[in-house]
1. May I ask for the percentage of alpha-carbon pairs in the range 1-98 that lie more than 24 Å from each other?
2. Can you list the lysines whose alpha carbon is less than 19 Å from that of Lys103, not counting same-chain residues fewer than 8 positions off?
3. Can you tell me which of Phe167, Phe28, Phe210 moves the most in a GNM of the chain? Springs connect C-alpha atoms under 10 Å apart.
4. Starting from the Cα of Met128, step 7 Å along the direction of its Cβ; do the same at Arg252; then give the gap between the two resulting points in nm.
5. Under 8 Å for C-alpha pairs, at least 6 residues apart: give me the relative contact order for the chain, rounded to a whole percent.
6. Pick from His140, His46, His217 the residue whose mean-square fluctuation is largest in a GNM of the chain, springs joining Cα atoms under 10 Å.
7. Nearest 20 debye, what's the magnitude of the dipole of the range 160-285 about its Cα centre given +1 on Lys and Arg Cβ and -1 on Asp and Glu Cβ?
8. What is the range 133-285 by shape, rounded, prolate or oblate, if you read a ≥ b ≥ c off the alpha carbon gyration tensor as root eigenvalues and call it rounded for a/c under 1.5, prolate for a/b larger than b/c, and oblate otherwise?
Amino acid sequence: MRQAFLICAHKDLDQLNRLVEQLCDPDFLVYVHLDRKSGLDPARLHPHARAVRERVAVRWGQVSQVEATLTSVRQILAEAPVFDKLVLLSAQDFPLLPNPLLKAALARLRDRELIETAPIAPDGWRVMHRYAYFHRAGGHPAERLACVAANRVLRLLRRTRRLPGGFTPYGGSCWWALSRDCLRDMLALADAHPRLLRFCRSVQSPDELFFQTLVMHSRHAGRVLSNNFRYIAWPDGGACHPRVLDEGDLERLKASGAHFCRKLDSHASAALLPRLLAWKDGRAA
């Protein structure tokens, strides 16, 4: 059973190539999207990886993250006619299972779409502010001022924005593993409702809303298992970014039951990586 992987990378070529090396397998296709504004040299990419041709300049929390994923998925669907799932990864992810066990785990979940998702609502995931008002983290100062003015009007009128096209918002982690059929239907929905992507240009962290919303409005909603099988350690205090893992996380990683962990760094995680690899090699024996 063939699996595909899409790695989004913007730094740390050593860590990226180490991840690709772990996924070297005749049954695995590995694609890498290199952030256009990064200094990563495509010529130094691991030979097992295929580069996404259309590189997007990605900025955290903005719609460029969605656009980079969409353009990558389109290329993969065009070039790879047969695969079971596409697993979306960051270059700072790392597999916790040796390839034979990863294949078996994904095979057991063949009939499920692995994407964390919950209704964005007062009695669900309470992040309505991300889309209810206009957000513009980057761009021209005039655009940010226009957002401020528009939000003042909304508050004066006691109104908020709603997703276009009658979509009910769903959200969750931006890392997922979706079947080829689900991806194809998701792209068809996105193409049929281009206003949704335009709307996401002024949404905070749209990569944690766009894909969940489309999947949950597709015929695959009943197949969703709200679990992406990632081990992620969040710092105390509601930080926006996961903590970089180190040697002290090893036992928790072993007990997690996850397929992948994040975030790893070639320097900060230098003591963890050899112990993690030794444990993985022992599981493969």
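1. Details: 705 of 4753 pairs.
Roughly 15 percent, rounded to a whole number.
2. Lys85, Lys254, Lys280
3. With Cα springs under 10 Å in the chain, the top fluctuation among Phe167, Phe28, Phe210 is at Phe167.
4. Using points 7 Å along Cα→Cβ, the separation is 3.3 nm.
5. About 22 percent, as a whole number.
6. With Cα springs under 10 Å in the chain, the top fluctuation among His140, His46, His217 is at His140.
7. Dipole of the range 160-285, to the nearest 20 debye: 440 debye.
8. Oblate.
Values in this text are rule-based calculations from the coordinates and carry no lab data. All values derive from a computational prediction rather than experimental measurement. All Cβ positions, even for glycine, are placed from backbone atoms using ideal geometry, and neighbour counts span all protein chains on display.
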